[in-house]
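The values are calculated or read from the model by the stated rules, or taken from the named source; none is laboratory data. For clarity, every value in this text was computed on a predicted model and none was experimentally measured. Positions of Cβ are backbone-derived with ideal geometry, glycine not excepted, and every protein chain shown enters the neighbour counts.
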Amino acid sequence: MSRIEAEAVTVERAGRAIVDGVNLQIESGQLVALIGPNGAGKSTLLSLLAGLLRPDGGSAKLDGAALTSIDRRKLAQVRAYLPQNPRAEWPVSVERLVALGLLPQLPAFGGLPAHMHARVAMALEAADLTNHRDQPATTLSGGELGRAMLARALVGDPEVLLVDEPLAGLDPRHALDGIIRLRALADEGKLVIASLHDLTLAARYATHVAVMSGGKLAAFGPTSLTLTAALLRQVFEVDACVTGAGTPTATVDFVPQAAL
Amino acid sequence: MVGRAAWPLLTAVLLVVGVLLSLGTGRVWLDPAVLAGSLFEPKPNLPWLILSELRMPRTVLAVLAGATLGLAGAALQGLLRNPLAEPGLLGVSPGAALGAVIAIYFGLSGSFALATPMLGIAGALAAASLTLMAGRGGTLTMILAGVAVSGLMAAGLSLALNFAPNPYAAYEMTIWLLGSLADRDWSQVLLAAPFILAGWVCLALTARDLDALTLGEAQAQSLGIDLSRTRFLALAGTALSVGAATAVTGTIGFIGLLAPHLVRPFVGHQPSRVLLPSALFGAILLLFADVATRIIPTAQEVKLGVLTSLVGTPFFFWLVARLRRMSP
């Protein structure tokens, strides 16, 4: 059972609050879709909750301990983080790229132990990348690389998973596969936070939504109660049609305000 | 195509051939039979003296300096994820050169032979700490800080040449800057060796961090890597090892740039696996280059740094062409 809490966390850059007094409590078993317009502070909040950024005010905690005070390696063993648009810097094989997710679990010296090879193979299989195993990661397409990176984050079987736009650039089938896997992880009892721009997928699969707007948390709660047309109008400044939020057939549609 | 298992063998053979050529090449031919025969004689004879006092320090120095340049180049390219990174880029080699030139400028080297390498090591450490202090925070700032520090050190070198007390001193500095392994003795090798070995340890400790950096800085951090520790180890290791090597040999370019690129495709581009082969190929390249300076029949011996630059430049063009092909 894990629990992430943010207590009045604030991050300032050049005198401007990018994340402004956010209070949030997220528990295992939840798939939280972090939504909001561009520049709302979603990515900054995610790296705060991942413990990669020290807040200028307030505190972010994992199971009651301030994230920035937890030993890096111990934190890395329970929490995986995937930034936006991850890139492979060297043309290493996809298999090796995914295996890098096991670094925090490796012994101090030596290579990958035999039983971990099986985990890498399973992660590749789940990401539908087995055929690309030996391909240099730099030659993958954007969507394939996104899947490889998600496999990298999941290969260590983390209790807490924070992913920044994991579905960007994925074709419909793999986007669905991706979000269904995230939901399955939450159902297994993991804590998953994913920033998303596809609100239909969020409405269908997220157990909870957290809505950021101008650095502030505009709303947080169960998807069926929180994701409403009124909220989307207020935050995204578009008229929206939301049907069946929180059910597997939900849709979210936008219409420009002028059209009505 | 050579099989995977053949690469370590090939490397070992090249290294042994390089060492033997380095020991065997020189003004006089040393007959192995005479050497072997005199091995158990209590009184040292001339061939044995030539081997142990002239050729062996040179060979050992070539291996140490070459491996240092290859290892540091590989570690820095991994750290900065930049194919053009090499010890010179971060100001370390120019810092060592400036320290050594200061020793020559003030005539310290005349009164105390080890003053040149000692000041060289001090210069490298000073330059590296300046780069580390100014370049805190990120990869790009570190590269820019390194360029700035290199510029500062180069300005210092020009100033020393400008104000050289006499033409002979200026000549001595210039010759020293060209880089050479000739006429180095055991005391210089022994002075540099501990620093070089300490630097190797620092650089080797970065191996796993460099692998994690394949995913970029944010993901590396999320995997539990302390990037400021990685930067410190890489820069301190480079300053210690390259500083000490440069302080004894003078500036030797291109080995640190070339060696990692030569071996990278054969180890699947994984940064940690590049380190050792790159060090070995650095040693091999420098051994052969040094042998070449002794064989090439010119009136004055071609300086080692000049030769590596001459041979290395075409490679640089090849690298540029390849990058242009690869970039979209």
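Here's the yes/no breakdown for (1) within 15 Å of B:T230 (Cα to Cα); (2) surrounded by 14 or more Cβ atoms within 10 Å (Cβ to Cβ); (3) touching a Lys or Arg at 6+ places or on another chain (Cβ under 6 Å):
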position: B:G135; (1), (2), (3): yes, yes, no
position: B:A145; (1), (2), (3): no, yes, no
position: B:N162; (1), (2), (3): no, no, no
position: B:P167; (1), (2), (3): no, no, no
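Looking only at segment A:37-49, filter to residues that are small (G, A, S) and part of a loop (DSSP other than H, G, I, E, B); which one of those is surrounded by the most Cβ atoms within 10 Å (Cβ to Cβ)?
Out of the qualifying residues, it is A:A40.
Can you tell me which residue within segment A:50-80, out of those that are more than 9 Å from chain B (Cβ to nearest Cβ) and within 29 Å of A:G143 (Cα to Cα), is surrounded by the most Cβ atoms within 10 Å (Cβ to Cβ)?
A:L53
In the set B:L61, B:L54, B:L49, B:L108, which member is in contact with a Ser or Thr (Cβ under 8 Å, 6 or more places away or on another chain), modelled with pLDDT under 90 and either surrounded by fewer than 24 Cβ atoms within 10 Å (Cβ to Cβ) or closer than 17 Å to B:A192 by Cβ (or both)?
When all the criteria are applied, what remains is B:L108.
Working only within segment B:38-89, note down all residues that are under 25 Å from B:G305 (Cα atoms), polar (S, T, N, Q) and part of a helix (DSSP H, G or I).
B:S52, B:T59, B:T68, B:Q77, listed by residue number.
Criterion first (free of Cβ contacts under 8 Å to residues at least 12 places away in the same chain, surrounded by 12 or more Cβ atoms within 10 Å (Cβ to Cβ), β-branched (V, I, T) and farther than 30 Å from B:V149 by Cα) does B:V17 satisfy it?
In short, yes.
Being within 14 Å of another protein chain (Cβ to nearest Cβ) and either part of a strand (DSSP E or B) or surrounded by fewer than 14 Cβ atoms within 10 Å (Cβ to Cβ) (or both): is that true of A:A108 here?
In short, yes.
Take the residues in segment B:212-238 that are among the polar types (S, T, N, Q) and more than 10 Å from every other protein chain (Cβ to nearest Cβ), then tell me which one is nearest to B:G135 (Cα to Cα).
Here the answer is B:S228.
Which ones in segment B:160-170 are without any contact (Cβ under 8 Å) to a residue 60 or more places away in the chain and over 11 Å from B:V101 (Cα atoms)?
Once the filter is applied, which keeps residues that are without any contact (Cβ under 8 Å) to a residue 60 or more places away in the chain and over 11 Å from B:V101 (Cα atoms), segment B:160-170 yields B:N162, B:F163, B:N166, B:P167, B:Y168.
From the list B:L285, B:L304, B:L276, B:L310, exactly one residue is closer than 25 Å to B:G179 by Cα and surrounded by fewer than 16 Cβ atoms within 10 Å (Cβ to Cβ). Which is it?
B:L310
Give the residue, chosen from B:G110, B:G99, B:G137, B:G123, that is assigned to a helix (DSSP H, G or I) and without any contact (Cβ under 8 Å) to a residue 24 or more places away in the chain.
B:G110
In segment A:25-33, is there at least one residue being more than 23 Å from A:L167 (Cα to Cα) and touching a helix residue (DSSP H, G or I) at 6+ places or on another chain (Cβ under 6 Å)?
no
Under 9 Å between Cβ atoms, which residue pairs at least 6 apart in sequence (or on different chains) link something in segment B:250-276 that is away from chain A (no Cβ under 14 Å) and at positive phi with a partner that is crowded, with 23+ Cβ neighbours inside 10 Å and among the β-branched types (V, I, T)?
That search, which allows pairs on different chains as well, returns B:F254/B:T308.
Of these, B:A198, B:A207, B:A247, B:A193, which one is within 14 Å of chain A (Cβ to nearest Cβ), in contact (Cβ under 8 Å) with a residue 12 or more places away in the chain and in contact with a helix residue (DSSP H, G or I) (Cβ under 8 Å, 6 or more places away or on another chain)?
Checking each option against the conditions leaves just B:A207.
Within segment A:81-102, which residues are over 12 Å from B:L215 (Cα atoms) and facing another protein chain (nearest Cβ under 7 Å)?
Matches in segment A:81-102: A:S93 only.
Is it true that B:G99 is buried (at least 24 other Cβ atoms within 10 Å of the Cβ) and within 14 Å of another protein chain (Cβ to nearest Cβ)?
no
When segment A:3-21 is examined, which residues are found to be of a type outside the set (A, V, I, L, M, F, W, C) and under 29 Å from A:P158 (Cα atoms)?
Across segment A:3-21, the qualifying residues are A:R3, A:E5, A:E7, A:T10, A:D20, A:G21.
For segment A:126-222, list the strands (runs of 3 or more DSSP E) that sit wholly inside it and hold at least 3 residues that are more than 14 Å from chain B (Cβ to nearest Cβ) and in contact (Cβ under 8 Å) with a residue 12 or more places away in the chain; which are they?
A:191-195, A:208-213, A:216-222
For segment A:177-197, does any single residue satisfy the condition of being crowded, with 16+ Cβ neighbours inside 10 Å and over 14 Å from the mean Cα position of the chain (by Cα)?
yes
In segment B:169-208, which residues are touching a Pro at 6+ places or on another chain (Cβ under 8 Å), surrounded by 18 or more Cβ atoms within 10 Å (Cβ to Cβ) and farther than 30 Å from B:G78 by Cα?
Once the filter is applied, which keeps residues that are touching a Pro at 6+ places or on another chain (Cβ under 8 Å), surrounded by 18 or more Cβ atoms within 10 Å (Cβ to Cβ) and farther than 30 Å from B:G78 by Cα, segment B:169-208 yields B:R184, B:Q188.
From (1) surrounded by fewer than 18 Cβ atoms within 10 Å (Cβ to Cβ); (2) out of contact with any Ser or Thr (no Cβ under 8 Å at 6 or more places or on another chain), pick out the condition that doesn't hold for A:T251.
Of everything listed in (1) surrounded by fewer than 18 Cβ atoms within 10 Å (Cβ to Cβ); (2) out of contact with any Ser or Thr (no Cβ under 8 Å at 6 or more places or on another chain), A:T251 misses just condition (2).
Which helices (runs of 4 or more DSSP H) does segment B:193-253 wholly contain that include 3 or more residues that are more than 30 Å from A:V155 (Cβ to Cβ)?
B:227-249
Among A:A259, A:A194, A:A229, A:A168, which is at pLDDT below 95 and within 25 Å of A:A126 (Cβ to Cβ)?
None of the other options fit; the residue is A:A168.
Mind counting the residues in segment B:93-112 that are in contact with a helix residue (DSSP H, G or I) (Cβ under 7 Å, 6 or more places away or on another chain) and more than 12 Å from B:G250 (Cα to Cα)?
The qualifying residues number 6.
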